[in-house]
Amino acid sequence: MGAMAGPIWRIDDRAFDCSERTLVMGILNVTPDSFSDGGRFFDQVYAARHGSQMAADGVDLIDVGGESTRPGSDPVPLEEELARVLPVIGRLIDEAPGVPISIDTSKAEVAAAALDAGASIVNDVSGGRDREMFDVVRERRAAIVLMHMKGEPKTMQEAPAYDDVVAEVRGYLSERVEAAEFAGIEAERIAIDPGIGFGKELEDNLALMHGVDALFELGRPVLVGPSRKRFIGTLLGDLPPEQRVEGTAGAVAWLVTRGAHIVRVHDVREMVRVVRVVDAIARAGE
């Protein structure tokens with residue numbers, strides 16, 4: 001089992017001690033083409049209602065996304081992405097009070113507008129490739145998640161290859177953390193994500209989860225998002241996304257025992273229960 005001691009993740013004026021328990025981030029896709037829910041929460045009212053239910057089910061953070069990053073997806077124009085996410089963030093401020101909101105985007109302009117609308121975290125699948133992203137985060141003293149992705153969503157699953165996936169992902173994330181700090185972002189506002197399913201084959205995803213504790217050496221909270229991913233469907237005989245809940249629970253349980261600090265999931269009620277039980281067992285000897 002990974003070491004249970006964890007770093008502080010500072011979000012707004014709150015400091016989340018990642019040594020205390022595993023945090024659960026709920027996924028709220030405001031897109032018509034999400035791989036997992038097929039646009040189920042594309043309507044803003046339904047999306048906000050779903051976020052409210054997540055809060056009732058015990059979620060720690062809500063991640064709002066207006067652009068699908070599934071393999072093969074096309075970019076969404078700036079104005080369209082803004083039109084999708086901003087009304088939902090506004091509603092969540094009222095309907096899920098006290099729950100920090102994350103904006104899942106790689107566009108600095110979307111991040112800026114979302115933070116100004118009340119979001120507290122930028123979840124950037126590109127790891128801050130937009131040159132203005134770090135400026136936006138620094139100026140608003142927001143938190144940020146830096147993720148590893150090989151290539152772009154449109155092409156990332158076209159024969160990705162690694163010599164040592166854990167070492168390469170760790171090296172990339174180390175460089176991105178250093179770049180963020182150099183840009184003036186406080187270390188305690190940075191978290192990292194190995195990017196399960198983003199430019200990785202089955203064996204790469206398994207290796208990253210098996211060796212997730214190698215990322216703890218970077219000293220930042222580690223967020224992992226295995227929820228309903230294709231590798232789970234493959235392991236279970238090509239099950240569709242909506243039938244990958246139990247497989248997701250297995251991956252989440254493993255990650256908690258290894259010491260992962262945050263898990264990003266679709267099925268909040270079920271995964272909050274999994275995390276609470278596994279956390280209790282994992283920490284019983286402390």
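So, in segment 128-148, exactly how many residues are open to solvent by 10 Å² or more (accessible area, probe 1.4 Å), assigned to a loop (DSSP other than H, G, I, E, B) and in contact (Cβ under 8 Å) with a residue 40 or more places away in the chain? Count: 2.
Any residue that is touching a helix residue (DSSP H, G or I) at 6+ places or on another chain (Cβ under 7 Å), modelled with pLDDT of 95 or more and of a type in the set (A, V, I, L, M, F, W, C) - is there at least one of those in segment 147-160? Taking every residue of segment 147-160 in turn, none turns out to be touching a helix residue (DSSP H, G or I) at 6+ places or on another chain (Cβ under 7 Å), modelled with pLDDT of 95 or more and of a type in the set (A, V, I, L, M, F, W, C).
Okay, residues lined up against (1) at pLDDT 95 or above; (2) part of a helix (DSSP H, G or I); (3) at positive phi; (4) crowded, with 24+ Cβ neighbours inside 10 Å:
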{"position": "Val169", "(1), (2), (3), (4)": "yes, yes, no, yes"}
{"position": "Glu175", "(1), (2), (3), (4)": "yes, yes, no, no"}
{"position": "Ala180", "(1), (2), (3), (4)": "yes, yes, no, yes"}
{"position": "Glu188", "(1), (2), (3), (4)": "yes, yes, no, no"}
{"position": "Ile192", "(1), (2), (3), (4)": "yes, no, no, yes"}
{"position": "Glu203", "(1), (2), (3), (4)": "yes, yes, no, no"}
{"position": "Ala214", "(1), (2), (3), (4)": "yes, yes, no, no"}
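Close contacts from segment 226-240, counting a first residue that is more than 15 Å from Gly195 (Cα to Cα) and a second that is open to solvent by 40 Å² or more (accessible area, probe 1.4 Å) and polar (S, T, N, Q), with Cβ to Cβ under 9 Å and a gap of 6+ residues or different chains, come to Gly233/Gln243; Leu236/Gln243.
Taking the criterion of being in contact with a strand residue (DSSP E or B) (Cβ under 8 Å, 6 or more places away or on another chain) and polar (S, T, N, Q), the only residue of segment 206-239 that qualifies is Ser227. For segment 215-243, the set of residues classified as farther than 22 Å from Val169 by Cβ and either β-branched (Val, Ile, Thr) or touching an Asp or Glu at 6+ places or on another chain (Cβ under 9 Å) (or both) consists of Leu236, Pro241, Glu242, listed by residue number.
A quick yes/no check of all residues on (1) in a helix (DSSP H, G or I); (2) modelled with pLDDT under 95; (3) closer than 29 Å to Ala260 by Cα:
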site: Gly26; (1), (2), (3): no, no, yes
site: Asp37; (1), (2), (3): no, yes, yes
site: Phe42; (1), (2), (3): no, yes, no
site: Ala47; (1), (2), (3): yes, yes, yes
site: Gln53; (1), (2), (3): yes, no, yes
site: Gly58; (1), (2), (3): no, no, yes
site: Leu86; (1), (2), (3): yes, no, no
site: Asp94; (1), (2), (3): yes, yes, no
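Which one is farthest from Gly225 (Cα to Cα) among residues in segment 89-99 that are of a type in the set (A, V, I, L, M, F, W, C) and open to solvent by 20 Å² or more (accessible area, probe 1.4 Å)? Reasoning before the result, please.
Initial filter on segment 89-99 (of a type in the set (A, V, I, L, M, F, W, C)): 89, 92-93, 96, 99.
Filter again for open to solvent by 20 Å² or more (accessible area, probe 1.4 Å), leaving 93, 99.
Details: Ile93: 24, Val99: 19 Å.
Once the filter is applied, the top-ranked residue is Ile93.
Within segment 217-267, if we keep just the residues that are part of a loop (DSSP other than H, G, I, E, B) and open to solvent by 40 Å² or more (accessible area, probe 1.4 Å), the residue that is farthest from Ile27 (Cα to Cα) turns out to be Gly237.
Yes or no: Ile103 within 19 Å of the chain's Cα centre (by Cα), assigned to a helix (DSSP H, G or I) and not charged (D, E, K, R)?
No.
For first residues located in segment 100-127 and open to solvent by less than 20 Å² (accessible area, probe 1.4 Å), partners that are among the aromatic types (Phe, Trp, Tyr) and part of a loop (DSSP other than H, G, I, E, B) and lie 6+ apart or on another chain with Cβ distances below 9 Å form the pairs Val125/Phe198.
The values are calculated or read from the model by the stated rules, or taken from the named source; none is laboratory data. These numbers were taken from a predicted model, which means no experiment stands behind them. Positions of Cβ are generated from backbone atoms using ideal geometry, with glycine treated the same way; all protein chains shown enter the neighbour counts. Surface accessibility is based on the protein's heavy atoms, side chains included, excluding ligands, DNA and RNA. Shrake-Rupley method; radii C 1.70, N 1.55, O 1.52, S 1.80 Å.
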